[in-house]
Every structure is written in structure tokens, then in C-alpha cells.
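Derivation of every value follows stated rules applied to the coordinates shown; laboratory data play no part. Please read these numbers as outputs of a predicted model, since none were measured by experiment. Don't worry about glycine lacking a Cβ; one is built from the backbone with ideal geometry, like all the others, and counts go over all protein chains shown.
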Amino acid sequence: MSADPRRNAAVSIIENFRRPLPIADHARGKRLAVTCQLKCANACTNPECNTSSNQTFQEVASAALSRRALLGLGAAGAVALAVGAARSQAPLSAPGSAGVGGAGAAFGRPAGGSLPFDAIAPVNRYVDDLVVPSGYTWQPIIRWGDPLFSNAPVFDIDAQSPAAQALQFGYNSDYLDIVADPSGKTGVLVNNHEYCNPGIMFPPTTDPAELRRRGDIFKAAQGMSVVEVTRRRTGTPWSYVVDGKRNRRITVETVFELTGPAAGSDLVKTAADPEGRWVRGTLGNCAGGTTPWGTILSGEENFNGYFAWAADTPAQKRYQSTSSTSTETGWEKYDPRFDAHNPDYVNEPNRFGYIVEIDPQDPTSTPRKHTAMGRFKHEGANVIVAEDGRVVAYMGDDERNDYLYKFVSKNRISGSRKKNLDLLSEGDLYVAKFRGNSPVGEITGTGALPADGLFDGSGDWVALTRNGESAVPGFTTEEVLVHTRLAADAVGATKMDRPEDVEPNPRTGKVYLALTNNSARSAATVDETNPVTGNRYGHVVELTETAGQAGTTFGWSILLLCGDPAVFANSYFGGFPKELVSPISCPDNVAFDSAGNLWISTDGAPSTIGYNDGLFLVPLEGAERGHVQQFLAVPREAETCGPVIHDRDGLVFVAVQHPGEGGTFAAPTSLFPDYGSTAPGDVSSAPRPAVVQVYRA
Ligand code: FEO
Ligand code: CA
Ligand code: CA
């Protein structure tokens, strides 16, 4: 062994190739245990949050649940960069080789795109490489720690500080968009930073002062980044701009304004904000969406994990079933607002779990949290303009057996950007109730298709607010918007298999819902919309609005029942021959190209089908409908996030989140993205979450 721990680490990576991971898989066989612990506070191993009795398609008698009993209201009232050399990657096996576990035949894409490719072969889960199709290459645009401003130091993993991190690109990239200016040669890149991994960002320590200093680094490393990008001409790769006029970091200390009916309510007041209108920070920023008026929406997802959690009331238990006295970041030890047991801050968790909106064009603007869109573990929000000009946002609540929502604005989109900035502050919130059209006895839990050949049916959007006021008996408007999960329980919403990204296809208006998996889907609760017991590989639902985009009725069918067809015989790919598709598991984020093809990124393939996560193209029309083809694979232990498909530009972008998640500081399991020297002090041997662009070599 060398005296240099990083050199030894590189050796150990090679030794670990194709070896079992050093850390046990998640108890339920999905993500790494460390990912579950850091990212979602072990949501899948804790007791279920949703203990409501509204099952599947049964019409739940809207029994007048006692508001006080339901909410547990006590006497107190309120419940309480261009970087490095471009790397050319060949597939690990010959492209174009048909067969299960291989790639489909060369793909003739519908007109409109310019990204022809031969699907890559699936990549073994222990391979630490980003793999793109033959003829393509990739390059990071910006990595964790890259300076956004010239007064920030060059990233040094051994000399991190809160002040430096607040001026550098954040950690664990998720939602991504690249919004080009009219010239096509400049633009802004916006990216979420979902959470931190102390075990690979730092060497071990037990020193309280150092732990606190690191806590402040985590606060600065989370949130969002806005950074200007530039290129020589359209169709060429982007580079980021240090000191760009629009460059901005949003962190756990940035002030947000609460908007909508719950702003100013008792449910969101704290000692530090007695008016209930101003919140410091955003947490668990996962997926998101870009609005037609050019702002960025970001979903506050697993916010509960940042609080010493009080699970004293049903309302609190509905967002995390168990109490806790400490967190992974340790903020609660010195910042009282992260201790929900503290009477002064019992409402602080009620100030997270929203859709936040930022204006990437104005770095001085105050970002906002929209209470009208409800409070839950928001994966993200994607907006489309309805036929009458109102805007509709589709949103998933990523928890086992939680729900699908949509928001319809009160006002119509206009030519005034200033007015459009208020569209998401006023409107009505709906939750989905699905019905199947096949006999219950034909839904066996195996994923076998019913006799009519489709998992399909109809559904209703059930109002939680109407004309901006509560539509749920026993709930005030503020209660609907803060304790949204309880309100949705009360109207009998359909329990879903972890709703992740949900996005309307801009070409057709049809809506695509990624349901990532659900270890808690039992044989007793399978239904036609969630038809697989223990749903290990996840599925994708295609939803068609039948009374207009803002209407309250829809039809639906399952587009994909994911899995490796060689292992899961009942996997389903829109009727396409399954022996020709790429294996896919745990769909998470969705996107569309200019031709209206669906692209899906995954989070959970390694421990479910044995391959690294990836990005997949799925045509939706004609003979190619359901032909899943893998475009890229991310490195070891990473999740593929934020896909952006600029096919007319010949560019695909992904955020590579948590590469090498299962490693340690001294012994990383990934060297992405630089794969460089292991000389002492050289950070190129540390895994760094990054935004990557893929283009023709
Ligand atoms: Fe952060 Fe639901 O994925
Ligand atoms: Ca059916
Ligand atoms: Ca996600």
C-alpha cells in the first residue's frame, strides 16, 4: 500500500470492480442504505406515513372526520465549468445487438430530433464510468465546488469552508435546466442541490467544533445554483461563466417569501417569523420544472430529515411516522429552528415541503414558496398552459402510497411577465383518484395483463380547494395547504407507488407519471393503477385529460411496467416486443425531446436489476411506442437526474447525483468525473456530483 490514502483508494476501486459493495444494500433492495439514510431519512424502512383507510379505488365515504382528532390540534391551536478533457466512451458491448439485456436495433426516430443513436448495453453496477452511445462523447459543464465567482477559491476538498461553498457550485445535483437566451450563445444553467454526504465529503471526525463548521458547509452546499453559460455558436457545447451577471447561490440561509392562502397563518409562524411570511432556506430540492414565463420551480422533497422530528400529532406523523432527536447534518444542535421539539419552532417544518419558484434572470429577486400548491414531499412541478389560458402544474408526492396532485391557476397567462410571476400564488389544488376498468379478480399482483390487454381506466381530480378555499369538510384552507396529505386522505385519493416526476408532453398534453417503486404495495392493496405486489422496478402511467387540461376527469393507462424482461416476465413496454428493449428500473425523472419522445432517468437500477442507472429514450407513437432504448449510464452508485434533451442542438444534459455514495473519504468507490491523478492534494480522485453534457464526438 502507498502512503497516500487516495492512491490506495484508487487501487481499492480497481479491486472492488465487480465485487459486492462494502455496504449492505437497502433492506428493501433499492438504493444503498447510505442513500436512504442521507436522502430521505429512511422513508422506506420507517413505518408507513400513510395509514389512512382510503384504499385503491374504493369510494371512501367522506366521513366527517373530526377535524380536531385528525389534525391533533392541541389547546395551543396550531400543530403545532468546461472542465477537463472531453472523454469519448464506447459502449461496453457492441451496439445494435438485439436481445434481452442488450440493445435494440438502430433506431429510426420520428422527425424533429437530431440525436440518432444505437442503444448502449446495460452497464454492470460496479463499473465507475459514464457510458454514452458510440459516436458520442461527454464532458462536465460544472462540478461540485467549482467557483461561481472570482472571489471564491478553487475547490480544495481538504480546505472547504462555509464561505467558499456559498460561492461555489453545490453538492448532489438534481433538477437541471439550461435556458438559452435569444442569441443561442448565452444562457443560464439552473440546478438543484438535494442533500449532502458527510462520509465522502470529509474524513471522519468527532470534534464538535469541526462538526458545526461542516454543518454550515452543508447549509451552503444545498439549495440551488444559477450560473451563466456561454458557447461559440448554437449546436456546440456550453461552458460556465465565472462572475456571470446572473450567477447566484441559493442556500439553506436564503430568505424566501411565502405566498398564497397559508402565508401568514398560525400554522407557519415561529419565534423568528411571528408574521409567518418569511422563511430562511429551502430543503431537499429534488426535481422541478421550468415555467412558460421562464422561472424555475423546485420541489422541496425530503425536508423532514433535516429536523429533529416531533411525531406527536397525526399531522406530524403523516410526514414522518417516527420522532427523532438528531439529524445527519447536526443543525439542530446549534440552530434551534431545526429542532421541532422546541416550542418556539414547532411550526418550522410546516414552512418546508412546498414548490419554490426562482427567477433565474434576476439574481436580486426574492424566491418564493407557493402554499397554494400544497405541502407534501414535492418531487417537482411541471407546468402547461390549458386551453383557456390558465396554467396547470402536475406534482408527485414521493412517498410509498402517497398521491398525485395538480394545481390550476386562478388567473390566465398574459403577456406581462410580472403578472405571470404571481400565477402560482392563487388557484386550486386537486388530488387524483384512479379507477380501473378490468375486473378486480384479474389484477393478480404479478403484473400479468388483464383480459382487456391493458392496465387502464379513468379517474377524477378531486378538489382540495375550490375558488381558493377549502373544499374538504372539516379543514380550513390553511389546513388543506399545510397538512395537505391529511386533506387528500380525507377525500379518498388513490395510494400510488411513490409518485416522482410527472410531466405533460408539450406536443400532446398527455401527462407522464413516473412511479419509482413501492415496497409497501401488498397483495391486498394492488389495483389496476398499481398492479404489482412489492413493486420493485416501478412503472410509468400515461394520463389523458378528458375535459381539457384544467378539467377534473382523465383517462389513463400503464405505458411501462419496468424491469429486466429476462428476469421479470410480466414487464411491459407499451406493447413493444420486450426482447428488443433495454432493461429499465425505478423510473424517476422524465423529459421530452422536440419530437415529443419521452426520456426517462432512473434511480435504483443497481440494486434491482444489477445495472448502473441511466437515461432512456421511449417513443410514444406508432410502431416504436414503448421501445425503451438506453442512451447513457451514470457511474457507480450514482443516480441519473435532471435530464434535458436539446435534440435540435444535438445536446443531452444530465445531473449525476451521488457518484460513489457508498464509499468513504479515504476510499472512494467512484472517481467521477475527473478520474485523474491521485497525487496528494489533487481533488481529481474524489467523486464530485456534476452536470454533464453529451454530444456527438
Ligand atoms: Fe429526490 Fe423522489 O427523488
Ligand atoms: Ca383494463
Ligand atoms: Ca427524483
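Compute and list, largest first, the equivalent-ellipsoid semi-axes of region 392-494 from the alpha carbon gyration tensor, each √(5λ) rounded to a whole angstrom.
On the way: eigenvalues 206, 62, 25 Å².
One finds semi-axes of 32, 18, 11 Å for region 392-494.
Sort 148-156, 281-289 by the packing proxy (mean of other Cβ within 10 Å over each peptide's residues), most packed first.
Sorting 148-156, 281-289 by mean packing, highest first, produces 281-289, 148-156.
Grab the DSSP H runs of the chain that are 4 residues or longer, score each as -39,500 (n - 2.57), total them, divide by all residues and round the 222 nm result to the nearest 500 deg cm²/dmol. Numbers along the way, then the final one.
Numbers: 11 runs with 73 residues, N = 697.
Rounded to the nearest 500, the figure is -2500 deg cm²/dmol.
Measuring from label point to label point, each 7 Å out along Cα→Cβ, what is the ALA180 to GLU275 span in nm?
4.2
Please give, to one decimal in nm, the separation of the simple spin-label points placed at ALA523 and GLU253, each 7 Å out from Cα toward the Cβ.
The answer from the label model is 5.6 nm.
With label points built 7 Å along Cα→Cβ from the Cα atoms of ASN570 and VAL127, find their separation and express it in nm.
For the pair ASN570/VAL127, the computed spacing is 3.1 nm.
Please state the charge dipole magnitude for the chain, taken about the Cα centre, from unit charges on C-beta atoms (+1 on K and R, -1 on D and E), reported in debye and rounded to the nearest 20.
620
Which length gain, in nm to one decimal place, applies between LYS333 and ARG213 when the Cα-Cα distance is subtracted from 0.36 nm times their residue separation? Mind showing how you got there, number by number?
Details: separation 120, 0.36 × 120 = 43.20 nm, distance 1.20 nm.
Extending this stretch completely gives an extra 42.0 nm.
So what's the net charge close to VAL408: Lys and Arg +1, Asp and Glu -1, counting the other residues with Cβ under 9 Å from its Cβ?
Numbers: positive: ARG390, LYS406, LYS410; negative: ASP428.
Local net charge: +2.
Using r as the Cβ-Cβ distance of ASP158 and SER326, and R0 as 22 Å, what FRET efficiency do you calculate, to the nearest 0.05?
E between ASP158 and SER326, to the nearest 0.05, is 0.25.
So which lysines pass the test for LYS333, namely a Cα distance under 25 Å, with those fewer than 8 places away in the same chain ruled out?
Of all the lysines, those that pass the test against LYS333 - Cα under 25 Å, at least 8 places apart if same chain - are LYS39, LYS219, LYS269, LYS317, LYS377.
At 0.36 nm per residue, and after removing the present C-alpha to C-alpha distance, how many nm does the segment from ARG648 to ARG696 gain when stretched out fully? Mind dumping the intermediate values first?
Details: separation 48, 0.36 × 48 = 17.28 nm, distance 1.23 nm.
Gain on extension, ARG648 to ARG696, equals 16.0 nm.
At R0 = 41 Å, how high is the FRET efficiency between THR446 and ARG507 if r is their beta carbon distance? Nearest 0.05 is fine. Each step should come with its number before you reach the end.
On the way: r = 34 Å, r/R0 = 0.83.
Result of the calculation: an efficiency of 0.75.
Listed highest first by mean packing, meaning other Cβ atoms within 10 Å per residue, what order do 309-315, 157-163 come in?
309-315, 157-163
Can you give the Rg/Rh ratio of region 552-692, where Rg is from the C-alpha atoms and Rh is the Kirkwood radius?
Rg/Rh for region 552-692 comes to 1.05.
Based on the Cα atoms of the chain, what semi-axes does the equivalent ellipsoid have, where each is the square root of 5 times one gyration tensor eigenvalue, given in whole Å with the largest first?
Numbers: eigenvalues 235, 193, 123 Å².
So the three semi-axes of the chain are 34, 31, 25 Å.
Take the alpha-carbon positions of region 468-580, form their convex hull, and give its projected area averaged over all directions (one quarter of the hull surface) in nm².
9.0
Can you order the peptides 572-582, 352-362 by their average number of other Cβ atoms within 10 Å per residue, highest first?
352-362, 572-582
What's the local net charge at LEU258, with K and R +1, D and E -1, over the other residues with C-beta under 14 Å away?
Working: positive: LYS269, ARG277, ARG280, ARG351, ARG368, LYS369, ARG375; negative: GLU257, ASP266, ASP273, GLU275, GLU300, GLU348, GLU357, ASP422, GLU426, GLU478.
Combined, the nearby Lys, Arg, Asp and Glu give -3.
Set the Förster radius R0 to 22 Å, insert the Cβ-Cβ distance between ASP362 and ARG412 as r into 1/(1 + (r/R0)^6), and round the FRET efficiency to 0.05.
Once rounded, the FRET efficiency stands at 0.40.
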